[in-house]
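Undergrad: This structure is in structure tokens; I'll ask about it shortly.
The values are calculated or read from the model by the stated rules, or taken from the named source; none is laboratory data. Everything numeric in this text was worked out from a predicted model, so none of it was measured. Positions of Cβ are generated from backbone atoms using ideal geometry, with glycine treated the same way; all protein chains shown enter the neighbour counts. Remember, those area values only see protein heavy atoms, side chains included, never the ligands or the DNA or RNA. Shrake-Rupley method; radii C 1.70, N 1.55, O 1.52, S 1.80 Å.
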Amino acid sequence: MSARIEALSRRLDLPLLVTNLTNVYYLTGFDSSNAALLVDPKGGATLYTDFRYAESAREVPGVEVEMTKRAMMRDVGARLSGKVQFEADVLPYLEWQRLAEGTAELVPTSGIVDGVRAVKDAEEVAKLRKAARIADRALEALTAETWVGRTEKQIAWRLQELCHAHGADEQSFPSIVASGPNGALPHGHPTDRIVDRGTLVTIDWGVRVDGYYSDCTRTFSTGGLPARLREIYDVCLDAQKHAVANIKAGMTGVEADALARDRISAAGYGEAFGHGLGHGVGMAVHEAPRLSTESTDTLEVGHCVTIEPGIYLPGKGGVRIEDLAIVREDGVDVLTGFPKDLVEVG
């Protein structure tokens, strides 16, 4: 049995049926479009999959393999008994109905595997660091090119090319390239807007390498910024650096968020920072823990989190500065290396 399954078993008081495919892959190394894993609190795990993946499943060490019909949940449900937990935040209602046709008493739960996944081991940190470095190099290459006069879409497409050229398996998500007033949209999509001189351009990008994701944001100038845009950049950078310097294990997600939020609020831009400070990253771009005013998480050694305050002024522009970092006992280990001081592009 893998160390990850053992770690999960220790957290259980009832068997858990894992249906999130990323969680199944994390626990077993089994990559499939149709699988489920039953983990027993006493130790032991059963891997369910259909005929297409049966041979690959039998190569997974430390698990029993049971082949099911392609419509898996009804078949698995017929094999379960007693109380069984399931991932209620993942399993679609229709699939739950099929699972519930069996005799087991289904107990909804969430976040159990996420709690195990959130703490990264040395191998995972190495993969995250590799992804971050590849993303850094791709953006560095992009900044050597001319941006002014090109559309946001053209710049986003070029960044995708550079990410692959520098070794990415794929992008973490479609890159955000937001110039001028579009920068006030935290999750805006690249448009046909032509990048002008004298404005801000926000780029949020990342890559996937060896199954792990990076996530980073930098905001650039195209020269001659209006005073207010320069001001919000400086305020955001100060808040981001303060959070990076002070986040550590044992701190709650709310406390971490406040490190940046209080600084932005003190400068008069509290209402312009409308999202949380950050989120976990690993085998998914968004996973536990959360750093926000609504977080219920406490940071642990080994958590991988983003630190990304933003200030958004509708009709004028916006700034977001984001690093990816590993939480340590007395601080954080920042994985992203692209400079944060304002960089001017032509």
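Undergrad: Exactly one condition in (1) farther than 30 Å from Y25 by Cβ; (2) out of contact with any helix residue (DSSP H, G or I) (no Cβ under 8 Å at 6 or more places or on another chain) is false for R261; which is it?
TA: All conditions are met except number (2).
Undergrad: Consider H286 against the criteria (1) closer than 18 Å to V334 by Cα; (2) in contact (Cβ under 8 Å) with a residue 12 or more places away in the chain: it satisfies all of them except one. Which criterion is unmet?
TA: It fails just one condition, (2).
Undergrad: So, in segment 195-228, of the ones that are open to solvent by 10 Å² or more (accessible area, probe 1.4 Å) and aliphatic (A, V, I, L, M), which residue ends up nearest to K153 (Cα to Cα)?
TA: That would be L225.
Undergrad: Of everything in segment 263-315 that's part of a strand (DSSP E or B) and charged (D, E, K, R), which residue is farthest from V327 (Cα to Cα)?
TA: Looking at the filtered set, the residue picked out is E287.
Undergrad: Here's something else I'd like to know. Condition test on A135, is it part of a helix (DSSP H, G or I) and small (G, A, S)?
TA: Against the criterion (part of a helix (DSSP H, G or I) and small (G, A, S)), A135 qualifies.
Undergrad: In the set H286, H303, which member is at pLDDT 95 or above, open to solvent by 20 Å² or more (accessible area, probe 1.4 Å) and within 17 Å of the chain's Cα centre (by Cα)?
TA: The conditions single out H286.
Undergrad: How many of the residues making up segment 264-280 are in contact with a Pro (Cβ under 8 Å, 6 or more places away or on another chain) and buried (at least 17 other Cβ atoms within 10 Å of the Cβ)?
TA: Qualifying residue count for the region: 5.
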